[in-house]
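Student: My structure is below; once you've seen it, I'll send some questions.
The values are calculated or read from the model by the stated rules, or taken from the named source; none is laboratory data. Keep in mind that this is a model prediction, so the values were computed, not measured. Glycine gets a Cβ as well: all are built from the backbone with ideal geometry, and neighbour counts include every protein chain shown. Only protein heavy atoms, including side chains, enter the accessible area calculation; ligands, DNA and RNA are left aside. Shrake-Rupley method; radii C 1.70, N 1.55, O 1.52, S 1.80 Å.
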Amino acid sequence: MTRINNLETLLSSDDTNESIIELDNFISELCSYGENMDKLTEPQEQFYYNQCLEREINNGGFNQYFINSSGDFAHQTIQSLIAIGANTTADILQKAINQFPDKKVPQDRDERIEIVEQIEETATEIWEELDEKVFEYEDDLNTLNLSFVRQHKSDF
């Protein structure tokens, strides 16, 4: 099956979650799980950032998101969420980012981990509340992401 036919199949599937997982696996492998972001088109990057956020929040919340490599892209993820229309989730992420000094999340993971260790006593309670807000799924991220992929098909 060609890439285009496979994409068409995923986009026309009734199983939105499975389509998102397949697209995420493809893009994650394409960029070596964030190590080679230059291999992605801008829409693919945006999709990847959104999926990293959702994966980490579902697995361990904002604390895990910021400690893991996904946190490298925290500021870009605000823009990628806005790009798909997930403004509520973008606001939640911004509130999580606001716990960092000067509201800046370092891209360097070691530096970021050091800061998380310094702020986690006060930040963890806020992050846990924000995790719960994400879990309310006011923004249907799967549907929004698939709609974004449909709008940018040629980039996928």
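Student: What figure, in Å² to the nearest 10, do you get for the accessible area of D15 with a 1.4 Å probe and non-protein molecules left out?
Tutor: 80 Å²
Student: Something else: Given the options I57, I67, I126, state which has the largest fluctuation in a GNM of the chain using a 10 Å cut-off (strictly under) for Cα springs.
Tutor: Greatest mean-square fluctuation among the candidates belongs to I126.
Student: Check the chain and count each lysine pair with an alpha-carbon distance under 19 angstrom, considering only pairs eight or more places apart or from different chains. Don't skip to the end; give the middle numbers.
Tutor: Working: K39/K153; K95/K103; K95/K104; K95/K133.
The result is 4.
Student: Just want to confirm a number: the relative contact order over region 1-144, from Cα pairs under 8 angstrom separated by 6+ residues, in percent. Working shown, then result.
Tutor: Details: 130 pairs, mean separation 32.9, N = 144.
Rounded, it is 23 percent for region 1-144.
Student: Quick check for me: using +1 on Lys/Arg Cβ and -1 on Asp/Glu Cβ, what's the dipole size of the chain about its Cα centre, in debye to the nearest 20?
Tutor: In total the dipole reaches around 580 debye.
Student: Based on the Cβ-Cβ distance from E128 to T9, what FRET efficiency comes out when R0 is 35 Å, to the nearest 0.05?
Tutor: Calculated value: 0.35.
Student: First compute the accessible area of the chain with a 1.4 Å probe, then give the percent of it belonging to carbon and sulfur atoms.
Tutor: 43 percent
Student: Further question: Only sites in a loop by DSSP and with at most 12 other Cβ atoms within 10 Å count here; which GluC sites (Glu not before Pro) in region 1-109 make the cut?
Tutor: Counting only loop positions with at most 12 other Cβ atoms within 10 Å, the GluC sites (Glu not before Pro) in region 1-109 are E35.
Student: Take the Cα coordinates of region 1-94, assign each an equal point scatterer, and use the Debye formula without solvent to give log10 I(q)/I(0) at q = 0.15, 0.19, 0.20 Å⁻¹.
Tutor: Here log10 of I(q) over I(0) equals -0.60, -0.94, -1.03.
Student: Going toward the positive end of the dipole of region 67-112, with +1 on Lys and Arg Cβ and -1 on Asp and Glu Cβ, which of G71, I97, Q107 do you reach last?
Tutor: I97
Student: Using the Cα atoms of region 55-156 to build a convex hull, what is its mean projected area in square nanometres?
Tutor: 6.4 nm²
Student: Leaving out ligands and nucleic acids, and using a 1.4 Å probe, what accessible area per residue does region 34-156 come to in Å²?
Tutor: Heavy-atom SASA per residue in region 34-156 reads 51 Å².
Student: Scan region 80-115 for trypsin sites (Lys or Arg not before Pro) in coil per DSSP, keeping those whose Cβ has at most 10 other Cβ atoms within 10 Å, and list them by number.
Tutor: Counting only loop positions with at most 10 other Cβ atoms within 10 Å, none of the trypsin sites (Lys or Arg not before Pro) in region 80-115 qualifies.
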